[in-house]
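Let me begin by presenting the structure, written as structure tokens, before commenting on it.
The values are calculated or read from the model by the stated rules, or taken from the named source; none is laboratory data. Here the structure is a predicted model, which means the values were calculated and not measured. Cβ placement follows ideal geometry from the backbone for every residue including glycine, while neighbour counts extend to all protein chains displayed. Side chains are part of the model used for accessible areas, which takes the heavy atoms of the whole protein and leaves out ligands, DNA and RNA. Shrake-Rupley method; radii C 1.70, N 1.55, O 1.52, S 1.80 Å.
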Amino acid sequence: MLDMGSETFFDKVADGIAQSGYLVLPQVLAPSLVGQLQQRLGQHASLTFHEASIGRGRQQQKNQAIRGDRICWLDGENPIDHQWLSLMEQLRLGLNQRLFMGLFDYEGHYAWYPPGTFYRKHVDALPGSRNRILTTVLFLNHQWGDDDGGELRMFDAQHQLLQTISPQAGTLVIFLSERFPHEVLPTFRDRGSIAGWFRVSNSHYGF
Ligand code: OGA
Ligand code: MN
């Protein structure tokens, strides 16, 4: 397993971004950390499930036709979330050194997709918005089967299908946020992931 904090890892990610703009990296994370993150997601799932069941406004119905996941933002104060955030911090610095991307910070959330839910095709950043630059998606599902659904489908800018990715525990997908439409196909099992975004600061466009 490639050490996520190593120079070799940063080189590999930087090359992938420079060459094709996206990478799929199976088994990047120690199973023990995947297990801890999974457990955290389990705790959040019951919490956010409660929140999601409150209110049945028009906006909520509209959202659910687009995405059915329940989310919970990572919390730097929590020691387990902190481990993932510090790996992302190292990656941020490693990429800035290699590609001069000027990545400023990282935000991420746990996502829990109950059976029957999906996330329709979308892009994570509107072209030109220059806020979310690079997306990461880490999957947290042990022994995901071919019939379990919930695949992440990646498209190129012309909406040609590039790849269909099984959301196996420990697989990390990284892509340029503006360039790659993607979708989560309907899942037949509870499906967990951590989605996150490296951002640049917009402050120099403001006052
Ligand atoms: C997102 C997203 C994919 C996933 O949250 O924007 O595309 O597999 N997530 O969680
Ligand atoms: Mn997305």
Legend entry - q = 0.12, 0.14, 0.21 Å⁻¹: log10 I(q)/I(0) that the Debye formula gives for region 78-207, counting C-alpha atoms only: -0.50, -0.67, -1.29
Inset, instruction - Evaluate the relative contact order of region 118-207 (contact order divided by residue number), counting alpha-carbon pairs under 8 angstrom at least 6 apart; express in whole percent. - result: 44 percent
Legend entry - With every protein chain in place, the chain: carbon and sulfur % of accessible area (1.4 Å): 53 percent
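Relative contact order (percent) for the chain, with alpha-carbon contacts under 8 angstrom and 6 or more residues of separation?
Averaging sequence separation for qualifying contacts and normalising by length gives 28 percent for the chain.
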Inset, instruction - Extending each Cα 7 Å along its Cβ direction at residue 33 and residue 100, get the distance between those two points in nm, one decimal. - result: 3.0 nm
Inset, instruction - Specify the residue with the greatest mean-square fluctuation among 146, 75, 124, computed from a Gaussian network of the chain linking alpha-carbon atoms under 10 Å apart. - result: 146
Legend entry - Rounded FRET efficiency, nearest 0.05, which uses the C-beta distance separating residue 122 from residue 188 and R0 of 25 Å: 0.70
Legend entry - Values of log10 I(q)/I(0), in the order q = 0.13, 0.14, 0.15, 0.19 Å⁻¹, for region 156-207 under a Debye, Cα-only, solvent-free model: -0.48, -0.55, -0.61, -0.85
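In debye, nearest 20: dipole of the chain around its Cα centre with unit charges on the Cβ of K, R (+) and D, E (-)?
Value, rounded to 20: 720 debye.
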